[in-house]
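These notes concern the structure reproduced below.
The values are calculated or read from the model by the stated rules, or taken from the named source; none is laboratory data. All values derive from a computational prediction rather than experimental measurement. Cβ placement follows ideal geometry from the backbone for every residue including glycine, while neighbour counts extend to all protein chains displayed.
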Amino acid sequence: MALRELLSGNEAIARGAYEAGVTVATGYPGTPSTEILENVARYKSDIYSEWSPNEKVAFEVAAGASCAGARSIVTMKHVGLNVAADPLMTLSYIGVEGGFVACVADDPGMHSSQNEQDTRQYARFAKIPIFEPADSQEAKDFLMLAMEVSERYQTPVILRSTTRVSHSRSLVELGERKAVQRAIGIEKNPPRFVPIPVWGRAMKQKVTDRLVSMAEEAERSGANRIEVRDKSLGIVTASMAYQYVREVWPEASVLKLGFSYPFPDSLLREFAEGVDRLLIVEELDDFLEEHVKSLGIDCQGREFIPGVGELSVSRLRGSRARMEGREPTALDKKFAEGLPARPPVLCPGCPHRGIFYALGKHDVVVSGDIGCYSLGAFKPLDRMDIILCMGGGVSMAHGFDKAGDRRKVVGIVGDSTFFHSGITGLIDIVYNRGSSTIIVLDNRTTAMTGHQDHPGTGLTLMGDDTRAISIQEVGRACGVGRVSTVNPYDLEETERGIAEELAAEEPSLIVSLAPCPLRERRRVGPVRAIDSDLCKGCKKCLLLGCPAIEFDGDVPKINRHLCGGCGLCEQVCPHDAISSGEGN
C-alpha cells in the first residue's frame, strides 16, 4: 500500500518537485507561496534551492538552469509574477530544455496582499499552459504533469495555486523520485536562444503553433474531467472553487478543469451540449466565462457569482439562492459575532514603532512599502501616507520630491525589500539630484512572510553561511553621501538622527538597525509596568500603539504577558510612571 501523508498544498507542490526530479528551485518569499520553497529546501541533498533577491532574478536563475537542461521551478505570489513578467514573456519565445514550472500563488480576498489579480491572464498573455490544482494531491500530481508538458513542448508552464489550496491540508499519496537522465549544458544555438528580431519573428510563430498543439493535449488530459450527475445544471469550474461547487451543488454535473489553458474547446462544447443550463463558477476574473461566451455557448456566471473577493461555501449558497429566485438566507450566527475587534498592529517590542513615533514629530510626506511596517499607516502612529508596491517606497519618495511637494519627503523600505527593489530607486534619487530621506527598517529578516533570510542576513535558504551584504555599504556605493545608523529603541538617538537628515539638502540614508524580536524569540529587555500613583493619565504612552499597553478608561496598564521589553513607553512617559518591575 502506498504511503500517504497529510500535506498542505504548498508542501505537496514541494513534494511534487522532488518526485519530478527537479534539481534547481528558486523564489522570493510571499504569502501564500512561501512554504513551497521552504519545504523544497528539506530535500537539499537532491535539489539546490535559493531565496533570490527578487522574483525577476529568481525566474531568470531557474530559466537559465532549465535552458541548460535541469528540471527547475520558481516560486512566488501573484504580485511577484508582475516583477518576473519581463523574462516570462521572452522565455515563452526561446523555450526551455529541462522542464520549467513557475509556481504562482494567487490571494483571492487579499488576505496578505495589496491587490487581487488573476494569474490565469498571464498564461494567456504569454501563450503558455496553466494548471490549477484543487487539493493537495492534485498540487503534487499537477506539478509533475506540468513538468512533463513543459519538456514535451519546450515551454514554461504556470502552476497556479490560491491561498486556500496552498494552506489547506489533505491526504497525498507519495511516490519515488524520478531519475531524469539529461546532459547538463546549454547548446550553442543563437537562432534558438537569442531573440533578436531576425530570429524572434520565427519564435513567435512557433509559440502560436505550440499553443494549438497544447490545446489538443488539454482536450484529452486527465487533469480535465466531466462528472455526470443531474443534467439540468452543468457547472464549469476549477481550483478551490471546485470544492465549494461540490458542496453547494452536489447534484449538478461538473466539468472540472485542471489543465485550464489553453482552453479545451471541444470538451467545453461537449459538456455544454449535455446539460440544460450552464454556469461558470470561478474566482476573480471572468476568464473562463468570457471564453465560453466567445464560443457562442449560452452560459451564466457573473450574474450570480461574485468576481470580487474570495469565494466560499456561504457566498455560493447565496449565489444558488439568487439563481433559484430565493432570498439568500443569513447564517444563524455570524462567525465573529461577539468577539472583540482585533485589528492588525505592530507586535509588542517591534523596532519599527520607534521610527514611526519619531517621524510623528515632523510634518513630512512618508511613502511606504510592503511589509510589517505597512501597519504604520494606522492610528495612533499614522505615519504612512501611501503604499504602491515593493520598492515603491523609495521611488515614489523621489516622485513627490520632484513634483515639488512643500514638505520634506521620507521613503520607508524594509531590509529584504531594499535588496528586492529599493536599490535602483536609491540610485535614481542620487543620479537625478533628489533630496529625499530614505529609511531602511533593518530587522535582520524578511519578517512579514515568516522570517526568511535575505542577502543581508549572512545565511542562505539551505542553511549555509555566506557574506552578508551591508545596506550601509550599498548606500554609499549608490552615491549617497549621508549614511547613518540608528537604534530605534533609543528614541533620543532616533529623533536626533531623523531631524539631522531631514534638515539636509541632499539625499540621505538612515538604517534603523534592530532584530525582529519574534525571530529572536526573546524580549528586547525587562518587562515594564506603570505605577498608578505616579501616572497622570496623559495617555502619551498610548500614542505608541503598543498592544501590550491596555486602557479601560482609568489609567493605562501594561500587560506583562504581552510586553516585549523595548522600553519605548518608559522613554515617552513625562512623569516617570513607567519602569521595569511589577508596578501597582
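Summary table
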item: Residue identified as of a type in the set (A, V, I, L, M) and surrounded by fewer than 21 Cβ atoms within 10 Å (Cβ to Cβ) among 58, 2; result: 2
item: Single residue of 545, 553 found to be touching a residue at least 60 places away in the same chain (Cβ under 8 Å) and outside the structural domain of residue 454 (by TED's automatic domain parsing); result: 545
item: Residue within the stretch 89-100 that is touching a helix residue (DSSP H, G or I) at 6+ places or on another chain (Cβ under 6 Å), surrounded by fewer than 22 Cβ atoms within 10 Å (Cβ to Cβ) and not in a helix (DSSP H, G or I) present; result: no
item: Answer residue from the stretch 198-227, given it is among the β-branched types (Val, Ile, Thr) and over 18 Å from residue 157 (Cα atoms) and is surrounded by the fewest Cβ atoms within 10 Å (Cβ to Cβ) among those; result: 198
item: Long-range neighbours under 8 Å by Cβ, at least six apart or interchain, first residue within 21 Å of residue 34 (Cα to Cα) within the stretch 458-474, second in a loop (DSSP other than H, G, I, E, B) and among the β-branched types (Val, Ile, Thr); result: 458/466; 459/466; 460/466
item: Filter result for residue 69 (over 20 Å from the mean Cα position of the chain (by Cα) and at pLDDT 95 or above); result: yes
item: Candidate set from the stretch 45-65 (those that are touching a helix residue (DSSP H, G or I) at 6+ places or on another chain (Cβ under 8 Å) and among the hydroxyl-bearing types (Ser, Thr, Tyr)); member that is farthest from residue 390 (Cα to Cα); result: 49
item: Meets criteria (surrounded by fewer than 23 Cβ atoms within 10 Å (Cβ to Cβ), on the phi < 0 side of the Ramachandran plot and touching a Cys at 6+ places or on another chain (Cβ under 9 Å)) for residue 13; result: no
item: Odd one out for residue 466 among (1) of a type in the set (Val, Ile, Thr); (2) under 16 Å from residue 352 (Cα atoms); (3) surrounded by fewer than 14 Cβ atoms within 10 Å (Cβ to Cβ); result: (2)
item: Selected residue [among the β-branched types (Val, Ile, Thr), in a helix (DSSP H, G or I) and more than 27 Å from the chain's Cα centre (by Cα)] from 180, 149, 207, 165; result: 207
item: The listed residue being of a type in the set (A, V, I, L, M, F, W, C) and under 30 Å from residue 391 (Cβ atoms), out of 165, 149; result: 165
item: Filtered residues of the stretch 123-138 (kept if touching a strand residue (DSSP E or B) at 6+ places or on another chain (Cβ under 7 Å), part of a helix (DSSP H, G or I) and surrounded by 22 or more Cβ atoms within 10 Å (Cβ to Cβ)); result: 123, 136
item: Meets criteria (closer than 27 Å to residue 318 by Cβ, at pLDDT 95 or above and loosely packed, with under 15 Cβ neighbours inside 10 Å) for residue 230; result: yes
item: Any hit, the stretch 98-120, residues being aliphatic (A, V, I, L, M), in contact with a strand residue (DSSP E or B) (Cβ under 8 Å, 6 or more places away or on another chain) and farther than 25 Å from residue 255 by Cβ; result: yes
item: Residue 185 of a type outside the set (Phe, Trp, Tyr), over 25 Å from residue 8 (Cα atoms) and assigned to a helix (DSSP H, G or I); result: no
item: Helices (runs of 4 or more DSSP H) within the stretch 468-584 that include 2 or more residues under 32 Å from the mean Cα position of the chain (by Cα); result: 471-477, 491-503, 517-520
item: Some residue of the stretch 380-388 being modelled with pLDDT of 95 or more, in contact with a Ser or Thr (Cβ under 8 Å, 6 or more places away or on another chain) and part of a helix (DSSP H, G or I); result: no
item: Test result for residue 141, within 26 Å of residue 169 (Cβ to Cβ), in contact (Cβ under 8 Å) with a residue 12 or more places away in the chain and not hydroxyl-bearing (Ser, Thr, Tyr); result: yes
item: Residue in the stretch 2-18 that is among the polar types (S, T, N, Q) and under 22 Å from residue 126 (Cβ atoms) present; result: no
item: Filter pass, residue 356 being more than 21 Å from residue 549 (Cβ to Cβ) and either touching a helix residue (DSSP H, G or I) at 6+ places or on another chain (Cβ under 7 Å) or not in a loop (DSSP other than H, G, I, E, B) (or both); result: no
item: Residue that is nearest to residue 70 (Cα to Cα), among those in the stretch 1-23 that are in a helix (DSSP H, G or I) and among the charged types (D, E, K, R); result: 19
item: Residue within the stretch 387-394 that is over 30 Å from residue 520 (Cβ atoms), assigned by TED's automatic domain parsing to the domain that holds residue 473 and either touching a helix residue (DSSP H, G or I) at 6+ places or on another chain (Cβ under 8 Å) or buried (at least 21 other Cβ atoms within 10 Å of the Cβ) (or both) present; result: yes
item: Conditions (1) out of contact with any helix residue (DSSP H, G or I) (no Cβ under 9 Å at 6 or more places or on another chain); (2) not assigned by TED's automatic domain parsing to the domain that holds residue 408: number failed by residue 576; result: (1)
item: Residue that is farthest from residue 122 (Cα to Cα), among those in the stretch 233-251 that are more than 31 Å from the chain's Cα centre (by Cα) and buried (at least 22 other Cβ atoms within 10 Å of the Cβ); result: 249
item: Output for the stretch 24-49, where each listed residue is outside any helix (DSSP H, G or I), surrounded by fewer than 21 Cβ atoms within 10 Å (Cβ to Cβ) and touching a strand residue (DSSP E or B) at 6+ places or on another chain (Cβ under 9 Å); result: 31, 48
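One line per residue, one yes/no per condition, for (1) within 30 Å of residue 279 (Cα to Cα); (2) not hydrophobic (A, V, I, L, M, F, W, C):
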{"position": "166", "(1), (2)": "yes, yes"}
{"position": "178", "(1), (2)": "no, yes"}
{"position": "183", "(1), (2)": "no, no"}
{"position": "193", "(1), (2)": "no, no"}
{"position": "220", "(1), (2)": "yes, yes"}
{"position": "224", "(1), (2)": "yes, yes"}
{"position": "235", "(1), (2)": "yes, no"}
{"position": "239", "(1), (2)": "yes, yes"}
{"position": "254", "(1), (2)": "yes, no"}
